[in-house]
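Data block below; observations after.
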Amino acid sequence: MLEAEDWVAISFVILMGIFAYFGVHRALLKALDNRRDRIRQELDDARRLKEEAAKLVAEYRARRESAEREAQDIVASATAEAERIATEARARMEDFVARRTKSAESKIAMAEAQALADVRAAAAEAAVTAASSILSKSVTGSVADDLINKGIADVRQKLN
């Protein structure tokens, strides 16, 4: 009589024969092939996505670096522009101060000249008045009048 293990082996062989008759092994191989193809497709998709992600990362890094360079250029340009404006403002201020100083010196010189002229005119007037007074008291007659008038005219001409 057959043991239990023998019956299991016979049952297994019969089952395998039934599977072979109905083509279960073809269906099983086809399912495995389909699974293999699906896994290969997923791996290809993953590889493609990884490459696209790497390209995007490289592109964004390049954009970031470009933006950083542009920002640095903008900062450098703004700094240079500010320095240029400050230099121009300093030059304009110095020019303005120089013109104001020259104008003030010119006005001072004119005021000095005017004061000197006023002093001369006052001195001339005082001299004429004094000479007129002295001569009118000491010299008399028509000769005296002519002499006084001529002297006063000469003094006025010389002092003015």
When restricted to ILE108, ILE85, ILE74, ILE39, the only residue surrounded by 10 or more Cβ atoms within 10 Å (Cβ to Cβ) and closer than 30 Å to MET16 by Cβ is ILE39
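Being hydrophobic (A, V, I, L, M, F, W, C) and at pLDDT below 95 is the filter here; which residues of the stretch 22-57 pass it?
The answer is PHE22, VAL24, ALA27, LEU28, LEU29, ALA31, LEU32.
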Any pair with Cβ under 7 angstrom, 6 or more apart, that starts in the stretch 103-131 at a residue that is more than 24 Å from LYS158 (Cβ to Cβ) and ends at one that is of a type in the set (A, V, I, L, M, F, W, C)
none
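The values are calculated or read from the model by the stated rules, or taken from the named source; none is laboratory data. Bear in mind the structure is a predicted one, so any value in this text is a computation, not a measurement. When we count neighbours, we look across all protein chains shown, and the Cβ atoms used for this are built from the backbone with ideal geometry, even at glycine.
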